[in-house]
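Accompanying notes for the structure given below.
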Amino acid sequence: MSRRLARTSLAAATLVAAAATLTLAGCSSSSTSSAPTASAPVTSAPVTSAPAGSSSGGSLPTGSAPGSSASGGSASGGSAPGSAEPSASNPGTTTASLGSPGTAGPDACTSAELSVAQSDPGVGAGQYYSTLVFTNTSSRTCTLAGYPGVSYVAAAGQQSGNAADRTGEPYRTVTLAPHGTAKATLHDSNGVGGYDPGQCQLSPAKGLRIYPPGEKAALFLPWDTQHCAGPTIHSLRIGPLTS
């Protein structure tokens, strides 16, 4: 009788232990399945690309390069700024030659149709300036274009010193109606000026020999003066004829 009770108690204890084991295993399995995963939901990640066409964050528009277009507009046809060729309507362009002698045309004034005078003389800082004025003395309209040829003349009618250098400014054709005038600026040192006296070789002159543009016959302008006649001196300068 006592042996039977002992086996019954042992069986009951075994069942209790087995039930406890099953309970612990269930708890462990439940705990493991409820642990959070390490990765965040994909849908919660922020969008890193800017909307199409946006330039926020300092990015450049598609296909452009820094400085590829000027502010306020772009060059037509993709040409670079300043690459347009000059045209006849472009301000500042000129077709006048620089410092070339005038060419006699069908309406050019001849020496026989002109007189010349000197006006507006001015002296300052060792320099001399005046204006040569050409007057059309004929009864027809004629033109002048270019630079007159100018040199000093000594008492014997010989050239004294070097002829005037041209200033190199552009010129245009000047039309002179009867009694109309054209002018050119004359510039020279005033006497010795800033030259060494031995280099200057100050000499007397009786006037100026003046050739209108394209002419081989000279006009004579009386003028008693002194000037540097040394062979290395090029102080006399003449500008183009203007209206």
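Bear in mind these aren't lab numbers, they're just calculated from the coordinates by the rules spelled out. Quick caveat, the model's predicted, so the values are computed rather than measured. We place every Cβ from the backbone using ideal geometry, glycine too, and count neighbours over all the protein chains shown.
Any idea which of Gly214, Gly191, Gly180 is in contact with a strand residue (DSSP E or B) (Cβ under 8 Å, 6 or more places away or on another chain), of a type outside the set (A, V, I, L, M, F, W, C), surrounded by 13 or more Cβ atoms within 10 Å (Cβ to Cβ) and under 22 Å from Gly122 (Cβ atoms)? If you could, list the steps in order and put the result at the bottom.
Values: Gly214 fails: under 22 Å from Gly122 (Cβ atoms); Gly180 fails: under 22 Å from Gly122 (Cβ atoms).
Just a single option satisfies the conditions, and that option is Gly191.
Could you look through the range 116-168, keep only residues that are charged (D, E, K, R) and touching a residue at least 12 places away in the same chain (Cβ under 8 Å), and pick out the one that is farthest from Ala184 (Cα to Cα)? So that I can check it myself, show each step before the final result.
Going through the range 116-168, the residues charged (D, E, K, R) turn out to be 120, 140, 165-166.
Filter once more, keeping what is touching a residue at least 12 places away in the same chain (Cβ under 8 Å): 140, 165-166.
Values: Arg140: 22, Asp165: 13, Arg166: 11 Å.
Of everything passing the filter in the range 116-168, Arg140 is farthest from Ala184 (Cα to Cα).
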Residue in the range 197-207 that is under 23 Å from Ser119 (Cβ atoms) and under 37 Å from the mean Cα position of the chain (by Cα) present:
no
Going through the range 217-229 in order, the residues found to be touching a Ser or Thr at 6+ places or on another chain (Cβ under 9 Å) and touching a residue at least 40 places away in the same chain (Cβ under 8 Å) are Ala217, Ala218, Leu219, His227, Cys228, Ala229
Can you name the number of the only condition in (1) touching an Asp or Glu at 6+ places or on another chain (Cβ under 7 Å); (2) not in a strand (DSSP E or B) that His227 fails?
(2)
Any residue at all in the range 156-177 that's closer than 17 Å to Cys109 by Cα, among the hydroxyl-bearing types (Ser, Thr, Tyr) and surrounded by fewer than 18 Cβ atoms within 10 Å (Cβ to Cβ)?
yes
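If I filter the range 147-178 down to residues being assigned to a strand (DSSP E or B) and among the aliphatic types (A, V, I, L, M), which single residue comes out as farthest from the chain's Cα centre (by Cα)?
Applying the filter and picking the extreme gives Val153.
Quick check on this structure: which one of Gly126, Gly157 is farther than 15 Å from Phe220 by Cα and not β-branched (Val, Ile, Thr)? Show your work before the answer.
Details: Gly157 fails: farther than 15 Å from Phe220 by Cα.
After applying the criteria, what remains is Gly126.
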